[in-house]
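The structure appears right after this line, and notes come after that.
The values are calculated or read from the model by the stated rules, or taken from the named source; none is laboratory data. In this text, all values refer to a predicted model and were calculated from it rather than measured experimentally. Virtual Cβ from ideal backbone geometry, glycine too; neighbours counted across all protein chains shown. For accessibility, only protein heavy atoms count, side chains too; no ligands or nucleic acids. Shrake-Rupley method; radii C 1.70, N 1.55, O 1.52, S 1.80 Å.
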Amino acid sequence: MDMVMRIVSEWPVVIFSRSSCCMCHSVKTLIAQLGVNPAVYDIDEIPKGWEIEQTLLRRGRNPPAVFIGGEFVGGANRIISLHLEQSLQPMLINAGALLEFE
């Protein structure tokens, strides 16, 4: 978990994804359309991706695994639900991933 925690501590928003996963694509697109530039790790395409995937799976975190502000938030269902509840944007603002406009 050390490698995963190091990665998520370096960016306001981190998505561990699979390049062929349609739900992963949906989450990445949603977050990008909100104006956030997340750190995206397609674990099926990067070195040590298998190790990262195994670490996530041991913790019950299947791709897409979204971390905001260094904390695990959830997968596709949770991210989409937060967005529909209008709770996702405030989380992104609090993490410093999105500017607040009044």
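Tabulated data for the structure shown
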item	result
Subset of region 56-87 (residues that are open to solvent by 20 Å² or more (accessible area, probe 1.4 Å), closer than 13 Å to VAL36 by Cβ and touching a residue at least 24 places away in the same chain (Cβ under 8 Å))	GLY69, HIS83
Number of positions in region 38-55 that are surrounded by fewer than 16 Cβ atoms within 10 Å (Cβ to Cβ) and touching a residue at least 40 places away in the same chain (Cβ under 8 Å)	2
Which listed residue, of SER19, SER26, is among the polar types (S, T, N, Q), touching a helix residue (DSSP H, G or I) at 6+ places or on another chain (Cβ under 7 Å) and either open to solvent by less than 70 Å² (accessible area, probe 1.4 Å) or touching a residue at least 40 places away in the same chain (Cβ under 8 Å) (or both)	SER26
Answer residue from region 88-102, given it is without any contact (Cβ under 8 Å) to a residue 40 or more places away in the chain and either within 15 Å of the chain's Cα centre (by Cα) or not in a loop (DSSP other than H, G, I, E, B) (or both) and is surrounded by the most Cβ atoms within 10 Å (Cβ to Cβ) among those	MET91
